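Participant: A single structure is presented below for examination.
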Amino acid sequence: MKEITAEAITDTVEKLCIDACYNLGDDVKDLLRQAQEKEESPFGISILDQLLQNIDTSKAERLPICQDTGMTVVFLEIGQDVHITGGSLQGAVNKGVRRGYQKGYLRKSVLTPLKRENTGDNTPAVLHTEIMEGDRMKIIVAPKGFGSENMSRVGMLKPSDGIDGVKQFVLETVIRAGANPCPPILLGVGIGGTMEKAAYLAKKALLRKAGEASPDPELAALERELLVAINKTGIGPQGLGGRTTALAVHIDTFPTHLAGLPVAVNVQCHAARHAEAIL
């Protein structure tokens, strides 16, 4: 049995909140560079150059990469031999978010849904937990901005819609979104399970290294096919036209009921922020 203190969790979450908002991964940066080399639109080339400059400035100046520092989504993989001491898991995570957003001068965007009253500290976080073998805890903090989140969709397709229906749903989601999610975008696609499971799969798929293909050859082929189709829409960087509408498509699946075909598309702007640590 390994003991992990609530304070250690809080300290880690605090650091990850700031790191995620200041430092965009090299995986996304590499995809933006590749897109810039292929882009034909002068506007598109200029926009991609500005995005790359913004990434460098954010890291060098220790500033948020985007003014929308998101709602904090936290993924926890907890070893079954871990014992948390000194407080509750949820309390420790929210305390870390509170401190991170305060110390990092990150915008507090979380409020009650109907009265629209700001909670003042960007809590509560959205927590997803999985119990794993072992005695370690992996913490992934993924701030999610809502320009892109608002463009996401869940569809309960009929089994007869099949793979063509899935492709159509994904493409329709991108076309309907247009310039709203600040393209170029990344797409997380969840297929199967139940309504909420599909949404979870789509969200979690975005944690994969940007552009890394699915280990399933059939899904990897579908990812490539959808990426080509999306970039043929011509929406382009910031919706001003061009070849680069999406940087990557990540698909994950789960067995589902014989009567259904749930599909979720989680739209993510180029600022695919996440940072992780292991305790």
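Participant: Of all residues in the stretch 105-146, count the ones that are part of a helix (DSSP H, G or I) and either at pLDDT below 95 or surrounded by 18 or more Cβ atoms within 10 Å (Cβ to Cβ) (or both).
Facilitator: Residues of the stretch 105-146 part of a helix (DSSP H, G or I): 146.
Imposing the further condition that a residue be either at pLDDT below 95 or surrounded by 18 or more Cβ atoms within 10 Å (Cβ to Cβ) (or both) reduces the set to none.
The qualifying residues number 0.
Participant: For ALA221, are the conditions met, namely being without any contact (Cβ under 8 Å) to a residue 12 or more places away in the chain, over 24 Å from ALA20 (Cα atoms) and among the hydrophobic types (A, V, I, L, M, F, W, C)? Show your work before the answer.
Facilitator: Working: without any contact (Cβ under 8 Å) to a residue 12 or more places away in the chain: yes; over 24 Å from ALA20 (Cα atoms): yes; among the hydrophobic types (A, V, I, L, M, F, W, C): yes.
When the stated conditions are applied, ALA221 passes them.
Participant: Kindly indicate whether GLN53 is surrounded by fewer than 16 Cβ atoms within 10 Å (Cβ to Cβ) and not aromatic (Phe, Trp, Tyr).
Facilitator: Yes: the conditions hold for GLN53.
Participant: Please specify each residue of the stretch 25-50 satisfying the condition of being in a loop (DSSP other than H, G, I, E, B) and either surrounded by 13 or more Cβ atoms within 10 Å (Cβ to Cβ) or under 21 Å from the mean Cα position of the chain (by Cα) (or both). Let's see the steps before the verdict.
Facilitator: Of the stretch 25-50, the ones in a loop (DSSP other than H, G, I, E, B) are 25, 39-41.
Matches in the stretch 25-50: GLY25, GLU39, SER41.
Participant: With THR244, THR233 as the choices, which residue is surrounded by fewer than 17 Cβ atoms within 10 Å (Cβ to Cβ), farther than 24 Å from VAL126 by Cα and either of a type in the set (A, V, I, L, M, F, W, C) or in the same structural domain as GLY165 (by TED's automatic domain parsing) (or both)?
Facilitator: Values: THR244 fails: surrounded by fewer than 17 Cβ atoms within 10 Å (Cβ to Cβ).
None of the others qualify; the one that does is THR233.
Participant: What number of residues within the stretch 187-206 are in contact with a helix residue (DSSP H, G or I) (Cβ under 8 Å, 6 or more places away or on another chain) and not small (Gly, Ala, Ser)? Give the steps one after another, and end with the answer.
Facilitator: The first filter runs over the stretch 187-206 and keeps only residues in contact with a helix residue (DSSP H, G or I) (Cβ under 8 Å, 6 or more places away or on another chain), leaving 187-193.
Going one step further and asking which of them are not small (Gly, Ala, Ser), we end up with 187, 189, 191.
Total satisfying the criteria: 3.
Participant: Separate question: Please find, among LYS103, LYS108, the residue that is among the charged types (D, E, K, R), closer than 19 Å to ALA20 by Cα and free of Cβ contacts under 8 Å to residues at least 40 places away in the same chain. Break it down stepwise before answering.
Facilitator: Values: LYS103 fails: free of Cβ contacts under 8 Å to residues at least 40 places away in the same chain.
After applying the criteria, what remains is LYS108.
Participant: Could you tell me which residue of the stretch 56-65 is farthest from the chain's Cα centre (by Cα), considering only residues that are in contact (Cβ under 8 Å) with a residue 24 or more places away in the chain and surrounded by fewer than 20 Cβ atoms within 10 Å (Cβ to Cβ)?
Facilitator: Of all residues in the stretch 56-65, those in contact (Cβ under 8 Å) with a residue 24 or more places away in the chain come to 58-59, 62-65.
Going one step further and asking which of them are surrounded by fewer than 20 Cβ atoms within 10 Å (Cβ to Cβ), we end up with 58-59, 62-63.
Values: SER58: 19, LYS59: 19, ARG62: 21, LEU63: 20 Å.
Going through the qualifying residues, I end up with ARG62.
The values are calculated or read from the model by the stated rules, or taken from the named source; none is laboratory data. Everything numeric here is computed off the predicted structure, so don't read it as measured data. Reconstructed Cβ throughout: ideal geometry from the backbone, glycine too, with neighbour counts over all protein chains shown.
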